[in-house]
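Worksheet: one structure, shown below.
Every read-out reported here was derived from the displayed coordinates using simple, explicitly stated rules and does not represent laboratory data. Since this is a predicted model, take the numbers as computed values, not measurements. Here Cβ is always computed from backbone atoms with ideal geometry, including for glycine, and neighbour counts include all displayed protein chains.
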Amino acid sequence: MRRSSELPETLPSAFTVALASDSGVGLGRLRGPDLGRPFHGVRTRAPLPPDAELVELCRTYAPRMSEHQFFSHETALALCGFPMPTWPYRPAIHVSTHRPHREPRTAGVVGHRLQRRDPAVRLTGDGLRVEHPVRAWRQCATRWSLDDLIAAADALAADAVSGASLDALRDEIAVMGDTRGGLLARALVEARDGVRSPRETRLRLLLIRAGLPEPRINWVLRDRAGVFIAELDLAYPRWRVAPEYDGRVHADDPVQFARDADRWEAIRRAGWHHVRCLNHHVRGRGDTAVALVARALVEAGWHPPQSVSRSLLP
């Protein structure tokens, strides 16, 4: 059996057919079964696995991009590490350019030609060109639900490195406009500074929408002498109730689990009711999680308004 000839060492792991041809690689070699063909006009030194991660797909597409093109929409947020809609949602590869340049038109990529505007492109750690996160968040409104936009806004506002803030998101809407019945403005009404995870966002939204008081975010619990005890993701200081979303299925890190268990005990010793909300508590409408927190609040002296469902109370 004839072995495929070696590729020039100067070719990277992902390269365009044009670059390979300029390096002296013939078309026959570029059709070799040992090479991957993730996108039209692109080859990789080995085929990508069927479940290749988004960042790997973007790295292989990047050699095909012109200098005016960049990853945008949810792709830009994903490449910068911001939360995506939950499984089984899988973000697409979005590539944009500003007029008058042309957007890409090829299978596996969603191309966008944006209106004229000063670019705000950034580079990721591995050199991928991405839209500014504030602009990418607004672009996601054409595909995402209200709660997904809230979770992303929370994450952007909590990340000082991104240069984003809730005010920056509001300014972006003021400049570029809103979509779908004011969806972005509605998201910002419920977004908050300091939220560090989409799970925390989900639990907070469940509680507020069920009629419970709005919890404080990242409340620092100290003893009477002012000594630090714990930072609480969500807290009701008036009633000394601390809801927390614990999404672990099992204790896969015994050392961390032991630290957490000591922390939970310290919170309880301080006279607080620590309410752990697990994955099965927040599924669907999240009634179980709401009931756990509502009952803790009632036991601590909270008087629920009539709008709170009686089924959630003790």
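Find the relative contact order for the range 54-190 and round it to a whole percent, using C-alpha pairs within less than 8 Å whose residues are 6+ positions apart.
Working: 199 pairs, mean separation 30.3, N = 137.
Worked out over the range 54-190, it gives 22 percent.
With n ≥ 4 as the cut-off for DSSP H runs, can you work out [θ] at 222 nm for the chain, using -39500 (n - 2.57) per run divided by the number of residues, rounded to the nearest 500?
Result for the chain: -10000 deg cm²/dmol, rounded to the nearest 500.
If you keep only loop residues by DSSP, which GluC sites (Glu not before Pro) in the range 20-80 have at most 14 other Cβ atoms within 10 Å of their Cβ? Show your work: numbers first, answer last.
Numbers: sites: GLU53, GLU56, GLU67, GLU74; in loops: GLU53, GLU67.
Sites meeting the loop and neighbour criteria: GLU53, GLU67.
May I ask you to derive the relative contact order of the range 198-312, considering only C-alpha pairs under 8 Å and at least 6 residues apart, and to give it as an integer percent?
It comes to 26 percent, rounded to a whole number.
At a threshold of 8 angstrom on Cα-Cα distance, excluding pairs fewer than six apart, so keeping six or more, what relative contact order does the range 113-190 reach in percent?
On the way: 67 pairs, mean separation 22.6, N = 78.
So the answer I get is 29 percent.
Evaluate the distance, in nm, between pseudo-label points positioned 7 Å from the Cα of ARG186 and of LEU48 along their respective Cα→Cβ axes.
3.4 nm
Local charge sum around GLY41 (other residues, Cβ-Cβ under 14 Å, Lys/Arg +1, Asp/Glu -1)?
Net of charged neighbours comes to +4.
How many nm is it between the label spots at TRP87 and SER23, if each spot is 7 Å from the Cα in line with the beta carbon?
3.7 nm
Test of understanding: what is the full-extension gain from SER307 to ALA225, defined as 0.36 nm times their sequence separation minus their Cα-Cα distance?
Taking 0.36 nm per residue and subtracting the Cα distance, the gain is 25.6 nm.
Among THR97, SER145, LEU184, whose Cα projects farthest towards the positive end of the dipole of the range 54-190, with charges put on the beta-carbon of Lys, Arg (+1) and Asp, Glu (-1)?
Going by the charge dipole, the pick is THR97.
List the trypsin sites (Lys or Arg not before Pro) within the range 128-181 that DSSP assigns to loop and that have no more than 14 neighbouring Cβ atoms inside 10 Å.
Values: sites: ARG129, ARG135, ARG138, ARG143, ARG170, ARG180; in loops: ARG143, ARG180.
Of the trypsin sites (Lys or Arg not before Pro), the ones in loops of the range 128-181 whose Cβ has at most 14 other Cβ atoms within 10 Å are ARG180.
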